[in-house]
Amino acid sequence: MTVNYLAFAIPAFFVFVFIEYKVAQQRKRKEVFKYESSVANFSVGIAERLLNLFIAASFYQVYEWVYQHYALFQIPNKWYVWLLLLLATDFVWYWYHRLGHEINFLWAAHIVHHQSEEFNFTAAARITTIQAIFRNVFWCALPLTGFQPSMIITILLAHGAYSFFTHTQLIGKISWLEKVLITPSLHGVHHASDEKYLDKNYGDVFVFWDKLFGTFQQEEEPPQYGLTHPIKSYSFLWQHFHYYLEIAAAYRLAHGFKAKWNALFGSPALMDQNIRPVLEARYFQDKQKKRSTFKFKKYLNMQLVAVVATLTLATMFFPYLSALDKWAILVFVLITLINIGALLEQRRWICYLEAFRLIGLVAYIFYVLQIFTWVVLPIILLVVLERTYSLRKLYNKYILSYNG
């Protein structure tokens, strides 16, 4: 049995996060990490990695198809071509990234990456599957040019690995390196909400695209990270879909073809800022974020460890899993991530989601053990326990409570 060694990138990611966290502690930089924000960042990244297991192979197939049928040139696999491909990849990234900030429906996918108000390695995980799909559509320009798909995949892995290390505040300005490469300082500017820093430094590896196209900005004052209009929620679902709801609302309110076109393809800077507060109130996402020590931290951490372990094992052995196993893992992890977000939000309905997840897990186990007809027994037991001991009240008492 051959395992997918890319699975080891998942624990490696957490090792680097842990090292960054310990360095931040040593330097007394408590503001670098915030528990709730870090958990929310992890949740977005876990979902993207899991969903990509279902579609990642198709990316290579699309590159291969474009290369075989439409390649403009036949570029050989020579040593100098790798440097050429790296430059081409970063050039395509620059324009994908820039358009992702300038076109509403692309920003809806990319905005999730900018929601974190802390800038650290965990923020690098904030990539959605929708964003990954858009990004790979742009990267089809590479096989279209004539670069070989196997080379493209290798360069994309290196390209992504480099960008991970630019998401930290703990590495200061490196003036000499900033003449060529995007550094953590320069990328921190890109993640800033300060007016002078907005829409700057789109490059991922090389800095000269920004200098060439007039979007370069050095770090001067310390940046304020996050969105210009921060969201007030750690909800997994709200973080992913709030901007799509805003676009839909803007489209409904628009009068005339031009206004409706702008709602979909216009600049996010022109979005009506009165829409989001209305939607936040409608969907109960208008709470003020609190920083407290939760009683349920250990409980939440256990769930986080469970989904990370599940993701790692699923990545390692994905080709050997049955369709049922794959979908069961997907549903279990996504429900758990929604559950984690609801815990951070202290939502009262979470106990019902917990019951649904438990029933689903038991049903899957019973099906695998070929005793599915007995699944009614644990359901009856759960109902009896609820009636006898009021599990919902106990759950709310011991889970939905603050220490601080």
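The values are calculated or read from the model by the stated rules, or taken from the named source; none is laboratory data. Since we're looking at a predicted model, the values are computed, not measured. Here the Cβ is made from the backbone with ideal geometry for all residues, glycine too, and neighbour counts use every protein chain on show. With ligands, DNA and RNA removed, areas are computed over all heavy atoms of the protein, side chains included. Shrake-Rupley method; radii C 1.70, N 1.55, O 1.52, S 1.80 Å.
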Task: Distance in nm between pseudo-label sites at Gln218 and Arg252 (7 Å out along the Cβ direction from Cα) - done: 4.9 nm
Open item on the list: If you average the alpha carbon positions of segment 22-60 and of segment 106-136, how far apart do those two centres end up, in angstrom?
Closed with: 10 Å
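What's the FRET efficiency of Lys22 with Phe73 using the Cβ-Cβ distance as r and R₀ = 45 Å, to the nearest 0.05? Write down the numbers at each step before the final one.
Details: r = 49 Å, r/R0 = 1.08.
Result of the calculation: an efficiency of 0.40.
How would Leu84, Leu156 line up by accessible area, probe 1.4 Å, largest first? Mind showing how you got there, number by number?
Working: Leu84 95, Leu156 30 Å².
Result of the area sort, largest leading: Leu84, Leu156.
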TODO: State the answer as a single residue: which of Tyr320, Tyr244, Val333 lies farthest towards the positive end of the charge dipole of the chain, with beta carbon charges of +1 for Lys and Arg and -1 for Asp and Glu, about the Cα centre.
DONE: Val333
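If you build the convex hull over the alpha carbons only and average its shadow over all orientations, what do you get for segment 1-143? Give it in nm² to one decimal.
Details: hull surface 46.5 nm².
Mean orientational projected area (segment 1-143, Cα hull): 11.6 nm².
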Task: Stretchable slack from Lys393 to Leu227, in nm (0.36 nm times residue separation minus alpha-carbon distance) - done: 56.1 nm
Open item on the list: Loop-only trypsin sites (Lys or Arg not before Pro) in segment 149-203, please: DSSP not H, G, I, E or B, and at most 14 other Cβ atoms within 10 Å.
Closed with: Lys173
- [ ] Calculate for the chain the 222 nm mean residue ellipticity that helices alone would give, adding -39,500 (n - 2.57) per DSSP H run of length 4 or more and normalising by residue count, nearest 500 deg cm²/dmol.
- [x] -20000 deg cm²/dmol
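What length, rounded to one decimal in nm, is gained on full extension from Glu31 through to Asn274, with 0.36 nm per residue of separation minus their alpha-carbon distance? Before the final figure, lay out each step's value.
Details: separation 243, 0.36 × 243 = 87.48 nm, distance 3.00 nm.
Residue separation times 0.36 nm, minus the Cα-Cα distance, leaves 84.5 nm.
Mind jotting down a quarter of the surface of the convex hull over the alpha carbons of segment 158-275, in square nanometres, one decimal?
Working: hull surface 37.3 nm².
About 9.3 nm², averaged over all directions.
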Open item on the list: For Phe206, what residues show an amide H to amide H distance below 5 Å, using hydrogens built from the backbone and excluding near sequence neighbours?
Closed with: Ile182
- [ ] Restricting things to alpha carbons, find the Rg to Rh ratio for segment 251-290 using the Kirkwood radius for Rh.
- [x] 1.11
Open item on the list: Using 0.36 nm times the number of residues separating Ile103 and Met302, minus their current alpha carbon distance, what extension gain do you get?
Closed with: 67.7 nm
TODO: Could you work out how far apart the two model spin labels at Leu6 and Phe372 are, taking each label as a point 7 Å from the Cα in the direction of the beta carbon, and quote it in nm?
DONE: 3.2 nm
Task: Dipole of the chain, positive direction: furthest Cα of Gln303, Tyr398, Trp176, with charges on the beta-carbon - done: Tyr398
- [ ] For Leu212, Leu391, write out the residues from largest to smallest accessible area, computed with a 1.4 angstrom probe and no ligands counted.
- [x] Leu212, Leu391
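Convex hull volume of the Cα atoms in the chain, per residue, in Å³?
That works out to 185 Å³ per residue.
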- [ ] Of the listed pairs Lys196/Lys232; Lys22/Lys173; Lys232/Lys393; Lys34/Lys232; Lys298/Lys397, which have alpha-carbon separations greater than 19 Å here?
- [x] Lys196/Lys232; Lys22/Lys173; Lys232/Lys393
